[in-house]
Amino acid sequence: MRKIHVIGIGAGDPDQLTLQAVKALRSTDVFFILDKGEEKSDLVQLRRDILDAHIPDGAYRLVEARDPDRDRAAGGSAYSPAVGDWRSRRADIYEDLIARELGEEESGAFLVWGDPALYDSTLGILEEILERGAVTFTYDVVPGISSVSALAARHRTGLNRVARPVQITTGRRLAEGFPEGVDDVVVMLDAHQVFRQYADADDDMDVYWGAYIGTADEILISGPLAEAAPRITSARAEARARKGWIMDTYLLRRRLRDER
């Protein structure tokens, strides 16, 4: 039976792969990659660099397909249906790739940025394909170093403090309000830079921000939110204009009473 590896490849640095991930790479016959267009062609190249670093003899086959466009303007009640439609169209592509490019006794792999269990659609898509019943396969999951872990490491800080919770959320959710009962919040997928709405509202908040973490383009900014927010906005705009895309993550940390 066909087998699929879902391999977490870290935030961009080939050195972030685990030994388990390297073993999975070397046991794979076909690697499936979705091309996101010219602007994000370096994302495909980063995957190639990872394969070349860990499979030096080049004994692998790479199959690329065009990633379907997503309606990023959909908001409110239309957001979840828009994401669901995009995931189903991705499932159509994955299903075709597995059926057409993978032999019955071969293994294929999807290389997932960060960790497959954190804000990634691959596992849900594979389950949808299996539910359809047209293509059969087994799959396993190799965890990776997430952008969240890499962010904390690069800023030399922990995600949580003693006896305190930490919450991971999205910019869309943060815009609805700062989570109650939490002073450490990691924010992902924030295209609208929601942190700015808290810059003037909370003088006791720090930010640890990073973009393109683990790559040669990495940018790190930290400090009191009121002071750092304009620097982040400026750096983010310049980087996005230069590269055409940006992937960033940040930690908002409210100072506890004994830290003020």
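Restricting to region 97-131, name every residue that is part of a helix (DSSP H, G or I) and either surrounded by 14 or more Cβ atoms within 10 Å (Cβ to Cβ) or in the same structural domain as T170 (by TED's automatic domain parsing) (or both).
Matches in region 97-131: L97, I98, A99, E101, T122, L123, I125, L126, E128, I129, L130.
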(1) surrounded by 13 or more Cβ atoms within 10 Å (Cβ to Cβ); (2) at pLDDT below 95: which one isn't true of A163, the others all being true?
(1)
Which of (1) touching a residue at least 60 places away in the same chain (Cβ under 8 Å); (2) farther than 17 Å from A11 by Cα is the odd one out, the single condition H192 does not satisfy?
(1)
Suppose we filter R90, R161, R154 for residues that are under 23 Å from L43 (Cα atoms), in contact (Cβ under 8 Å) with a residue 24 or more places away in the chain, not hydrophobic (A, V, I, L, M, F, W, C) and not assigned by TED's automatic domain parsing to the domain that holds V22; which single one remains?
R154
Across region 219-260, what is the number of residues that are in contact with a strand residue (DSSP E or B) (Cβ under 7 Å, 6 or more places away or on another chain), within 29 Å of D15 (Cβ to Cβ) and not aromatic (F, W, Y)?
18
All positions within region 109-125 that are touching a Gly at 6+ places or on another chain (Cβ under 7 Å) and of a type in the set (A, V, I, L, M, F, W, C)
V112
Do we find a residue being in contact (Cβ under 8 Å) with a residue 24 or more places away in the chain and among the charged types (D, E, K, R) anywhere in region 78-86?
no
When you go through (1) hydrophobic (A, V, I, L, M, F, W, C); (2) at pLDDT 95 or above; (3) outside any helix (DSSP H, G or I) one by one for A191, which number turns out not to apply?
(2)
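Residue-by-condition table, conditions (1) within 17 Å of the chain's Cα centre (by Cα); (2) without any contact (Cβ under 8 Å) to a residue 40 or more places away in the chain:
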position	(1), (2)
I7	yes, no
D13	yes, no
Q20	no, no
S41	yes, yes
Q45	yes, yes
Y60	no, yes
V63	no, yes
D67	yes, yes
What single numbered condition from (1) among the aliphatic types (A, V, I, L, M); (2) without any contact (Cβ under 8 Å) to a residue 60 or more places away in the chain; (3) buried (at least 21 other Cβ atoms within 10 Å of the Cβ) fails to hold for A134?
(3)
Any chance you could count how many residues in region 12-53 are assigned to a loop (DSSP other than H, G, I, E, B), crowded, with 19+ Cβ neighbours inside 10 Å and at pLDDT 90 or above?
2
For region 1-57, name all the residues that are among the small types (G, A, S) and over 22 Å from A239 (Cβ atoms).
G8, A21, A24, S27, A53
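Tally the residues that are part of a strand (DSSP E or B) and not hydroxyl-bearing (S, T, Y), restricting the search to region 149-188.
Of the residues in that region, 7 qualify.
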If we ask which residues in region 195-218 are free of Cβ contacts under 8 Å to residues at least 24 places away in the same chain and touching a Phe, Trp or Tyr at 6+ places or on another chain (Cβ under 7 Å), their number turns out to be 0
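The values are calculated or read from the model by the stated rules, or taken from the named source; none is laboratory data. None of the values given here were measured: they were computed from a predicted structure. Positions of Cβ are backbone-derived with ideal geometry, glycine not excepted, and every protein chain shown enters the neighbour counts.
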